[in-house]
Amino acid sequence: MNRAVIPIAAAATEAPTRQRRREGQKGRRVDPQAREEVRRLLGATPRARDLLIEHLHKLQDHFGHLSARHLAALAQEMSVAQAEVFEVASFYHHFDIVKEGAAAPPGLTVRVCDGLACEMAGARDLLARLPALLGTDVRVVAAPCIGRCEQAPAVAVGQHPIARATTASVQAVVRAGHTTHEPQGFIDLAAYRDEGGYALLKTCIAGEIEVEQVIKALEDSGLRGLGGAGFPAGRKWRIVRNEPAPRLMAVNIDEGEPGTFKDRVYLERDPHRFIEGMLIAAWAVGIQKIYVYLRDEYHGCRALLEGELARLRAEPPFPGMPEIELRRGAGAYICGEESAMIESIEGKRGMPRLRPPYVAQVGLFGRPTLEHNFETLYWVRAILENGAAWFASQGRHGRKGLRSFSVSGRVKEPGVKLAPAGITIRELIDEHCGGMAEGHRFYAYLPGGASGGILPASLGDIPLDFDTLQPYGCFIGSAAVIVLSDQDRAADAARNLMRFFHHESCGQCTPCRNGTAKASALIEQPQWDLELLADLSQVMRDASICGLGQAAPNPVDCVIKYFPDELRRN
C-alpha cells in the first residue's frame, strides 16, 4: 500500500499545532469577562499553586458562591487544570459551587451547629423552626461543630457567631446584618510587651540561652502535643532540628473536634503568648518560614490575628523574624490531621498522607516540617520562665502538667478549665464547673471529644490524661469533655457522633468512607447488629489511613460495652 510520506521537518511542525489545538479545546471555554473579574479581584496577589484555596475564598467572599465561569477563569489565571480547581473547591464544605444554569444560593447562610453539645441544647428545634421564620432569602443549614460548644446552641449568621442562640436572637442578627463579638480581657501587642512579652524571645536571640537548654527544659517538663496526639514537644523539636535545612513550620488551629474550643478562647485573649512560643520554637529548630492554619469558622479570630501580626511585623522583636503566613481553612474536620492540613496549605484537597515518610522529614513542600498545635506553643514561655519542674509539678493522681479542658454539656459553668493533668471528671465538674446543671444527674461523659469514646459515671474516678484512658477503650485527645446527664442517652450521642464522622470522612480510604456510612446506618436501627458492628469496628481500626477512621468506632464500641441497658431498651 502506498502511503504519503510527510517530511520529518513538516511533521515536527504540524504535531505541536494539532496538540495546541486539542489543548485549547479541553474544559470549559473561559469567559473573558469572568477572567477580567478574577484578575481584578486577585490584584497583585501571586498566582502560586499553593494559594488556590485562598483565591477560592476571595471569589466566594465577593460573589457569595463559586460559579462555573469563575472557576474556569481562575484555572486559566493560575495555569491549573479546570478539573483540579473543581476537585479542590468541591472538597471543602464552605465553598458553594453553582453549576451552569443553576440558581445561586441565597445571599445569606445561617449555619446551625448540630454537634453533640448543641444538639443537647436544642439545635434540632432551631433547625426545624428557623427556615419558616427567616424566609426564602436566607438559607438555613445544619453545620458540624463550629467550636463554640460552651455557648450551645451556637449559630453562625454568615460569619457572625451567636452564643446560646434562640429564634429571636437569630432573627435580630439577620435583620441587623451583623453582630459584635468582643473578646473578653484581650491582650494586644502593647499590653503584652508591657507585661514582659517577647523579652524571653530576645534573650534567646541574643544567645543568653542555648538551644539545648530550651529543648531540654521542654523535655523535662513533660509537655506533650495538646492537639490530641500527645507526642513529646521537646523530642519533636530535636528531631526536626536534626533534619537538613530549609525547615518549615505548620501551626494547627483547625480544632474541629466536636467539644473542643480551648484554642479559640486562648487566641481571643492572649495571641502574643502563642506567637512568642511559636517564634522561640522557630529559633530553636531553625525554621525558615511559618504557616498558621486557622479554621474558617473562626472569622473573628482571623481578623484579630491578622491585625496583631501586622503590628508585630511593623515592630518586630528581632531583625530577620521569620515570615509568618496565615492560611484559611474551608470547613473540613479532616484538616485537623497534620498531613491533611499540610495538603490543604499546599492548596490541595485535605487528604491524609500515607506514612512514612513522616512530616518531620518530608512535610510542607517536601521540606522537614515542625508541626504543632496552638496550645502546645502557648505554654512554651511559661515553662521556660518558671522552669520545667514548675510545669511537671502541677499534676494530680501521679500525673504531670496542666491541661486546658474544654468542658460542655450538662454542667452549670461550661468553658475552658485550666486544671491539673490527672484530675478526674468528678473533680473537674465539682471544682471547676460549679457542679451539674440544675435538675440533671451525672450519667456519662466523653473524655476526649467525638473520637475519645464515652464512659459511664461509674468510671468517673479515672485520671484524665494521656495514657490513662486507653485501657477503657478511650483517650483524652485534645481534652474536650462533654458531660451527659440522666436526661441523655449514650446511644443517641453515638448516633450524633457517627453522623459527624460520616459527614467529615475525606473519602480517600474505603474502610473509613464506607465504614462510617455503614456504622451510622446500623446504629440508627432500633436493634443493633452487634456482631456486624464488631467486625466493622475492627476493619476500620486496622485498615483506615488516619485517625478519623481508626477512632470513629470508639463511641459505638463504648455504648455496647458500658451501656448495654440502653440497647435492650432501644
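The values are calculated or read from the model by the stated rules, or taken from the named source; none is laboratory data. Computed from a predicted structure; not experimentally measured. Counting neighbours? That spans all protein chains shown, and the Cβs are built from the backbone with ideal geometry, glycine included. Side chains are part of the model used for accessible areas, which takes the heavy atoms of the whole protein and leaves out ligands, DNA and RNA. Shrake-Rupley method; radii C 1.70, N 1.55, O 1.52, S 1.80 Å.
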Flag if residue 56 is in contact with a Leu (Cβ under 9 Å, 6 or more places away or on another chain), open to solvent by less than 40 Å² (accessible area, probe 1.4 Å), assigned to a helix (DSSP H, G or I) and touching a residue at least 12 places away in the same chain (Cβ under 8 Å): yes
Residue tally, condition part of a loop (DSSP other than H, G, I, E, B), closer than 14 Å to residue 120 by Cα and either touching a Pro at 6+ places or on another chain (Cβ under 6 Å) or open to solvent by 30 Å² or more (accessible area, probe 1.4 Å) (or both), over the range 431-449: 1
Residues of the range 465-506 satisfying the condition of being at pLDDT 95 or above and among the polar types (S, T, N, Q): 468, 470, 485, 487, 496, 505
The one condition in (1) modelled with pLDDT of 95 or more; (2) outside any strand (DSSP E or B); (3) open to solvent by less than 50 Å² (accessible area, probe 1.4 Å) that residue 156 fails to fulfil: (2)
Residues of the range 298-328 satisfying the condition of being open to solvent by 40 Å² or more (accessible area, probe 1.4 Å), closer than 24 Å to residue 256 by Cβ and either of a type in the set (Lys, Arg) or touching a residue at least 60 places away in the same chain (Cβ under 8 Å) (or both): 299, 300
Extreme residue, surrounded by the fewest Cβ atoms within 10 Å (Cβ to Cβ), among residues of the range 544-570 that are hydrophobic (A, V, I, L, M, F, W, C), closer than 16 Å to residue 525 by Cα and in contact (Cβ under 8 Å) with a residue 60 or more places away in the chain: 567
Residue list for the range 340-352, restricted to those being open to solvent by less than 70 Å² (accessible area, probe 1.4 Å), within 21 Å of residue 48 (Cβ to Cβ) and in contact with a helix residue (DSSP H, G or I) (Cβ under 7 Å, 6 or more places away or on another chain): 340, 341, 342, 344, 345, 346, 347, 350, 351
Count of residues meeting criterion [of a type outside the set (A, V, I, L, M) and open to solvent by 30 Å² or more (accessible area, probe 1.4 Å)] in the range 379-402: 10
Qualifying residues in the range 298-357 (those that are of a type in the set (Asp, Glu) and outside any helix (DSSP H, G or I)) - the one farthest from residue 145 (Cα to Cα): 315
Number of the exception - residue 408 against (1) closer than 30 Å to residue 198 by Cβ; (2) in a strand (DSSP E or B); (3) of a type outside the set (A, V, I, L, M): (1)
Members of the range 212-234 found to be farther than 21 Å from residue 449 by Cβ and either aromatic (Phe, Trp, Tyr) or more than 24 Å from the chain's Cα centre (by Cα) (or both), listed by number: 212, 213, 214, 215, 216, 217, 218, 219, 220, 221, 222
Residues that are among the β-branched types (Val, Ile, Thr) and modelled with pLDDT of 95 or more, drawn from the range 177-232: 187, 203, 205, 209, 211, 214, 215
Meets criteria (modelled with pLDDT under 90, more than 27 Å from the chain's Cα centre (by Cα), part of a helix (DSSP H, G or I) and surrounded by fewer than 19 Cβ atoms within 10 Å (Cβ to Cβ)) for residue 22: yes
Odd one out for residue 91, checked against (1) open to solvent by less than 20 Å² (accessible area, probe 1.4 Å); (2) under 18 Å from the mean Cα position of the chain (by Cα); (3) closer than 25 Å to residue 352 by Cβ: (1)
Selection from the range 511-543 of residues that are in contact with a Ser or Thr (Cβ under 6 Å, 6 or more places away or on another chain) and open to solvent by 70 Å² or more (accessible area, probe 1.4 Å): 513
Residue check, residue 508 surrounded by fewer than 23 Cβ atoms within 10 Å (Cβ to Cβ), of a type outside the set (A, V, I, L, M) and within 25 Å of residue 341 (Cα to Cα): yes
Of all residues making up the range 450-461, the number that are in a loop (DSSP other than H, G, I, E, B), touching a strand residue (DSSP E or B) at 6+ places or on another chain (Cβ under 9 Å) and surrounded by 20 or more Cβ atoms within 10 Å (Cβ to Cβ): 4
Close pairs (6 angstrom Cβ cut-off, 6 or more residues apart or separate chains): closer than 30 Å to residue 149 by Cβ and in contact (Cβ under 8 Å) with a residue 12 or more places away in the chain in the range 231-257, hydrophobic (A, V, I, L, M, F, W, C) and assigned to a strand (DSSP E or B) anywhere: 249/287; 249/290; 249/370; 251/292; 253/294; 257/480
Selection within the range 97-144 - of a type in the set (A, V, I, L, M, F, W, C), open to solvent by 40 Å² or more (accessible area, probe 1.4 Å) and part of a helix (DSSP H, G or I): 127, 128, 132, 133
